[in-house]
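A.B. asks: Shown below is the structure under consideration.
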Amino acid sequence: MRKIQPINNNLLIKLDEVKEDKTAGGIIIPDTAKEKSQEGEIVALPPDSDISVSVGDRVIYKSFSGTEIAFEGEKYLLVPSDDILAKYVEVDAI
């Protein structure tokens, strides 16, 4: 079994599935014309990291950040930890 282990303060983020969009008239909008998502789920951290996110956290990262890779049929993004802008947290009340 192989897995990707990020190094040098990079995080491995699994990208959200891209759904096929259609206009009301039935025109399919290609992926190249869509705005890229800026969020995903952390699936791996560098060893001995002191980063304030953990595996399983959903995060928001900077536009045009990281390097997109494909591994075993899944799309991932290697993002420097400094490019993480926020993470989603559960709260009891607003």
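A.B. asks: Using the crude model of +1 on Lys and Arg Cβ and -1 on Asp and Glu Cβ, and no other charge, please compute the dipole size for the chain relative to its Cα centre, in debye to 20.
C.D. replies: 260 debye
A.B. asks: Does the stretch 43-85 come out rounded, prolate or oblate by the C-alpha gyration tensor, with a ≥ b ≥ c the root eigenvalues, rounded set by a/c under 1.5 and, if not, prolate when a/b is larger than b/c and oblate if not?
C.D. replies: oblate
A.B. asks: Need one number: nm distance between label points at residue 7 and residue 28, each 7 Å from Cα along Cα→Cβ, rounded to one decimal.
C.D. replies: Modelled inter-label distance: 4.1 nm.
A.B. asks: In the set [x] -0.27, -0.39, -0.72; [y] -0.62, -0.73, -0.92; [z] -0.32, -0.45, -0.79, which value of log10 I(q)/I(0) by the Debye sum over Cα atoms at q = 0.10, 0.12, 0.17 Å⁻¹ was calculated from the structure you see?
C.D. replies: It is the one labelled [z].
A.B. asks: Could you work out how much longer the chain between residue 89 and residue 58 gets when fully extended? Use 0.36 nm per residue separation minus the Cα distance between them, nm to one decimal.
C.D. replies: Working it through step by step, the gained length comes to 10.3 nm.
A.B. asks: Okay, next question. Which longest uninterrupted range of the chain lacks any trypsin sites (Lys or Arg not before Pro) assigned by DSSP to a loop state (not H, G, I, E or B) and surrounded by at most 13 other Cβ atoms within 10 Å?
C.D. replies: Answer - 63-94.
Bear in mind that the values in this text are calculations on the coordinates, not laboratory data. As the structure is a computational prediction, the values presented were derived from the model and not from experiment. Here the Cβ is made from the backbone with ideal geometry for all residues, glycine too, and neighbour counts use every protein chain on show.
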